[in-house]
């Protein structure tokens, strides 16, 4: 039989093997009061204007968890700031985006396509060079991965090709795109010449660079390349080298060692370890150059986005991911709660709930007990994951349902409990014991969900949280152990004895 011991609204759950018994409440007179100091979840709505972070994703506004460096580093890729025509692919960091889901279908609940405000994401696969690495399932690269070499162009009669092993630039070399041209010149300047260059002219079909110190030292190094329509390739049409400036003129943080080049170097490491630490970025790149923390941070961010996509693109993939779960796991339940926008066919995601069919079916053979809790998702935006679990006959945890919400609040917990009652409590006479911590949102939400109200439902508090708060109040590990023993004891006489020990202490 399940027994509950409590005092002044604080209950301790002790579970036994009977899957259908409701808890009996025994009043423990004289028990020390337990106050749980719970700091409710903070809401984050203040936007950091300094770095132009996205104003909203599909979970509304939140400050990012992974904060950018305090001082934004301009000119990350060594391009000429005075040249407005420079079309570096890395200049998209300041774009403000709002993620939307376009909802189609008769019931308005099945998202079928995804739109990003202000940016056309439907880029055909042939718009850029192919990826040089296999794409991880359910992830995609946001930009083509550009290598420094150009020798993969099939027809050698058109000219020479750049080889990153030898690092030589010559007149007549050809490159399949402007991106490959720029990557090759950067590779040559950083690894071999160990000099810096600056862009003096950049157009869609023309690119010209000179030595950074051409005016100060009279170095005549320069390179000009243009697009050849007949070959559909970029070709070096003029090259003057080598550098005549001195080595000690170069800055310790190479101007042309930009975040794109560093990010390309980090791709393999980020694939193996998504949590790759920024301190290792500076160590691995340090080969005569000390890159700044700012540049390392932005390079690591770019590498992660290259492999796994952005936080916004991950949210946009949720409908496809949920559809895949339902297709390959028949019976999987997915519920969406959207917010209306100014366009009828567009919805903004607020909550999403899902539960796997085997878990729903398995719950029928478990005790009538559900334990719920929420956890932080340490992403760019501070979302919360709500979880419901139970115990099977082998005392193993059986996950029942999940929900992705913006924060732990009365509204989110009420919606989550409604979904649990709808999909897990299949019979009107099902009686349930709900266990949770003392979160104010949970306690308030129960008042709005009849399925979890007495006499059909009984709410009890988690013993581990009770003991933790008990220890915070009295700061005594011996008392904490006694509290746990009392909560885990099923014999009333032994329970009273432990309570007496607590009073004596």
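The values are calculated or read from the model by the stated rules, or taken from the named source; none is laboratory data. Remember, it's a predicted structure, so these values are computed and weren't measured experimentally. Note that we place each Cβ from the backbone using ideal geometry, even for glycine, and neighbour counts take in every protein chain shown.
Do you know which residues across the range 482-505 are outside any helix (DSSP H, G or I) and within 18 Å of residue 465 (Cα to Cα)?
489
It is to be established whether one or more residues within the range 371-383 are more than 30 Å from residue 309 (Cα to Cα) and at pLDDT 90 or above.
There is at least one residue in the range 371-383 that is more than 30 Å from residue 309 (Cα to Cα) and at pLDDT 90 or above.
Tally time: how many residues in the range 463-490 are within 26 Å of residue 432 (Cα to Cα) and out of contact with any helix residue (DSSP H, G or I) (no Cβ under 9 Å at 6 or more places or on another chain)?
The qualifying residues number 3.
Let's see how each residue does on (1) surrounded by fewer than 19 Cβ atoms within 10 Å (Cβ to Cβ); (2) in contact with a strand residue (DSSP E or B) (Cβ under 8 Å, 6 or more places away or on another chain); (3) part of a strand (DSSP E or B); (4) free of Cβ contacts under 8 Å to residues at least 12 places away in the same chain:
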position: 349; (1), (2), (3), (4): no, yes, yes, no
position: 360; (1), (2), (3), (4): yes, yes, no, no
position: 367; (1), (2), (3), (4): no, yes, no, no
position: 372; (1), (2), (3), (4): no, yes, yes, no
position: 383; (1), (2), (3), (4): no, yes, yes, no
position: 386; (1), (2), (3), (4): no, yes, yes, no
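With over 18 Å from the mean Cα position of the chain (by Cα), free of Cβ contacts under 8 Å to residues at least 60 places away in the same chain and under 15 Å from residue 334 (Cα atoms) as the only criterion, which of 424, 400 stands out?
400
Given the condition under 30 Å from residue 190 (Cα atoms) and touching a residue at least 40 places away in the same chain (Cβ under 8 Å), answer yes or no: does some residue in the range 316-333 qualify?
No: zero hits.
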